[in-house]
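A short worksheet on the structure shown next.
The values are calculated or read from the model by the stated rules, or taken from the named source; none is laboratory data. Only a predicted model underlies this, so the values are computations on that prediction, with no experimental measurement involved. Quick reminder, even Gly has a Cβ in these numbers, built from the backbone with ideal geometry, and neighbours come from all protein chains shown.
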Amino acid sequence: MRLRDHTRAADGSPLLSQVDAAPLLHGALHIAEERDGWVRPWRFSADQLRALGSCQAWHPGLFRQMARTTAGVSLEFETDSSEIALEVVLDPEPAGTRAVLDGVDTDGTLRPHDGVSVDVDGRHLSARLPDEGDDYLPFSLDDPDRAPEDGLMRLPGMGETHHVRVWLPCLRGCVVRDVVGNGSFITPVERTGELLVLGDSIAQGFVADDPALTWASLLSQRLGLDLVNQGIGGQVFQPGTTYGIAQSLHPQAIVVCLGANYRYEPCRARPVTRDVRAYLLEVSRIWPEVPTYALTPLWHDELAHPSHAMSCYRQLPSFIAAHVAPHDQMELVDGGRLLDARSSLMADGFEHPGPDGHRQVADRLGAIVSMGRMSEGERRATALEALTGAPRRTLPLSEALRRGLGVVVFAQRGCVLLRLDDGVQMFWAGDHDLGRAVIAALMEPTVVDVLEPALVRDIELTHALTRLTPYHSCLYERRTPVEVDGQREMRPLDESHFLTVCANYRHPEYRREDEVLALLRAGRILGGFEGGRLVGFVGERPEGSIGMLEVLPGQWRKGWAYALEATKINEALARGDVPWAEVEPDDSASIRLQRKLGMRVLAANEQCFLSRPADGLGPGQSAPDAGPLVHE
């Protein structure tokens with residue numbers, strides 16, 4: 001007998017836990033009651049539906065079809081059941097859905113690319129459809145890998161409490177009635193804050209093959225938010241489609257992903273930029289304080305499916321950028337960085353991402369949006385916590401963070417990206433998948449201090465940073481100062497020594513003159529004097545390492561290099577800092593000096609600088625500073 005045959009006894013009393021589906025729904029703006037207790041979840045308000053079907057819409061008939069689908073709608077609850085079933089009836093597949101899927105199913109086999117799927121305790125159960133003629137869709141919740149013994153399952157109601165989210169179809173609509181379980185309770189989960197996604201067919205879920213695995217669904221899960229998915233297949237920037245929901249929807253974040261559909265039809269720049277402006281202004285007026293991320297279109301294969309010759313699509317990124325700029329709560333996101341330019345990621349070969357493509361967009365966009373929800377102080381604290389227990393080679397990054405240097409671009413368990421004031425980035429990622437997402441979405445193609453050797457190649461390929469400069473990281477891990485000859489005169493240099501420092505620093509390619517001047521003004525360059533005459537100097541780099549150690553001609557082999565760096569080490573210790581330095585692998589003299597000073601010298605294959613070839617450096621890009629530490 002099937003589960004539905006067990007639900008009630010002959011006298012009508014319940015044999016299993018059974019609750020109405022309506023209180024369990026998340027992501028629906030409106031729930032319409034239909035006959036016999038069935039309910040239909042709607043992700044649009046009545047006002048929005050009228051706008052989508054009006055003469056202002058590009059394709060009102062298509063939009064009405066797509067608005068009926070249940071993209072992003074789910075049922076969330078807790079239960080001690082080992083098996084549950086959802087009473088659900090799916091709508092026929094819309095003609096608009098099949099029109100897109102025909103471009104995917106080129107072998108003639110028609111596949112749904114959709115269904116009902118379940119997440120239970122962080123474990124995903126793949127999407128499937130009810131059997132024909134059956135309105136109950138059952139799912140087993142217990143994890144077979146955690147059964148008491150092979151082949152044995154816990155008795156109903158005797159197992160653990162499961163957290164369950166049932167995702168309704170994203171490419172068609174449905175009605176639901178009851179949720180049934182073989183345990184003792186099914187209780188709703190309280191709604192959390194919401195992520196609002198305003199988009200087109202890609203945002204709706206074409207063609208992820210599973211409503212839980214669309215980029216919008218994955219993003220909401222990463223952020224810990226409920227999803228309100230207002231993606232509409234075929235949609236463009238249509239002003240008037242967000243009014244009427246301000247009172248019922250209070251999102252924590254908004255993502256706008258529109259514009260790809262301008263490719264297919266003739267469209268002039270003036271009305272399109274007017275609509276982009278009006279639409280973004282409308283969103284801003286309704287939610288003026290909500291962080292909003294406006295995406296330019298994702299990558300598509302223009303050769304496989306060229307844009308219409310009379311379309312202004314190529315100008316669209318500039319339109320979006322121009323009309324995002326006036327709104328302080330809005331951030332422009334380069335959609336081209338969210339999806340690799342590979343047709344293998346496309347379900348239809350040219351535009352709609354498949355499951356791997358949706359996952360890539362979610363990973364990269366998640367890195368951006370998650371940081372937008374944190375203050376700089378929160379990011380810095382998170383970064384320091386993430387580096388607890390990380391390899392020793394990350395100490396320079398920890399020190400830079402602790403000293404308050406630069407801006408934390410990304411911080412999460414397993415990955416940290418710091419951008420220093422001179423544009424150099426410091427990067428570590430023990431979580432390589434997360435690191436790759438950050439490399440693609442947030443890293444800039446300037447100089448990168450890479451503290452994760454496994455991801456060097458990824459950075460090279462993503463940002464064309466083909467100049468690799470390995471170096472030894474030298475760490476002073478003691479707490480006691482270095483003994484220094486107290487008879488030597490040491491003091492910070494000021495701006496009056498600018499020309500002398502520039503003339504005697506033997507690697508000017510590693511430091512711009514404005515940076516030297518800034519170090520002098522900050523008192524970060526220490527000079528050694530004999531008889532009132534400068535005989536050498538040592539400085540600090542923007543990331544906090546000891547560097548620029550130079551002993552002037554005529555003063556070599558008199559112990560000045562040791563004395564200067566030892567004094568600099570002691571100066572750092574007095575501030576409560578951990579002293580460290582960077583030395584090139586072939587600079588044996590500097591390496592010997594570091595060991596003499598008590599520094600631990602790490603292998604040069606653990607960290608490196610990546611940059612563009614020197615002749616390709618643009619304005620504001622300095623070459624990596626890992627030159628010889630000492631000249632004596």
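General observations
- Cβ-Cβ under 6 Å pairs, at least 6 apart or on other chains, segment 238-261 side within 21 Å of TRP215 (Cα to Cα), far side among the small types (Gly, Ala, Ser): GLN252/GLY193; VAL256/ALA294; CYS257/GLY199; CYS257/ALA203; LEU258/GLY199; ASN261/GLY234
- Of all residues in segment 187-211, those satisfying the criterion of being surrounded by fewer than 24 Cβ atoms within 10 Å (Cβ to Cβ) and over 21 Å from PRO297 (Cβ atoms) are THR187, PRO188, VAL189, GLU190, ARG191, THR192, GLY193, GLU194, ASP209, ASP210.
- Residues of segment 346-368 that are more than 10 Å from the chain's Cα centre (by Cα) and among the acidic types (Asp, Glu): ASP348, GLU351, ASP356.
- Sole exception among (1) closer than 16 Å to MET426 by Cα; (2) in contact with a strand residue (DSSP E or B) (Cβ under 8 Å, 6 or more places away or on another chain); (3) hydrophobic (A, V, I, L, M, F, W, C) for ALA454, by number: (2)
- The condition of being closer than 17 Å to SER248 by Cα, surrounded by 15 or more Cβ atoms within 10 Å (Cβ to Cβ) and hydroxyl-bearing (Ser, Thr, Tyr) holds for only one of SER74, SER81, SER45, that being SER45.
- Among residues that are buried (at least 17 other Cβ atoms within 10 Å of the Cβ) and either assigned to a helix (DSSP H, G or I) or among the aliphatic types (A, V, I, L, M) (or both), THR382 is included.
- Condition met for THR192 (in contact (Cβ under 8 Å) with a residue 40 or more places away in the chain, over 21 Å from HIS323 (Cα atoms), assigned by the TED database to the domain that holds ALA22 and not aliphatic (A, V, I, L, M)): no
- Which listed residue is within 25 Å of LEU101 (Cα to Cα), touching an Asp or Glu at 6+ places or on another chain (Cβ under 9 Å) and in the same structural domain as ILE254 (by the TED database), from LEU345, LEU339: LEU345
- Scanning segment 300-340 for residues that are of a type in the set (Phe, Trp, Tyr) and either over 27 Å from VAL438 (Cα atoms) or touching a strand residue (DSSP E or B) at 6+ places or on another chain (Cβ under 7 Å) (or both) yields one hit, TYR313.
Conditions tested, residue by residue: (1) of a type in the set (A, V, I, L, M, F, W, C); (2) at pLDDT below 95.
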{"position": "ALA566", "(1), (2)": "yes, no"}
{"position": "ASN570", "(1), (2)": "no, no"}
{"position": "ALA581", "(1), (2)": "yes, no"}
{"position": "ASP586", "(1), (2)": "no, yes"}
{"position": "LEU593", "(1), (2)": "yes, no"}
{"position": "ARG612", "(1), (2)": "no, yes"}
{"position": "SER622", "(1), (2)": "no, yes"}
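- Counting only strands (runs of 3 or more DSSP E) that fall entirely inside segment 413-490 and contain at least 2 residues that are of a type in the set (Phe, Trp, Tyr) and in contact (Cβ under 8 Å) with a residue 24 or more places away in the chain, the qualifying elements are 425-429.
- Checking each residue in segment 44-85 for being farther than 23 Å from VAL118 by Cβ and polar (S, T, N, Q) picks out SER45, GLN48, SER54, GLN56, GLN65.
- Within segment 550-582, restricting attention to residues that are aromatic (Phe, Trp, Tyr) and either in a helix (DSSP H, G or I) or in contact with a Ser or Thr (Cβ under 9 Å, 6 or more places away or on another chain) (or both), the residue that is surrounded by the fewest Cβ atoms within 10 Å (Cβ to Cβ) is TYR562.
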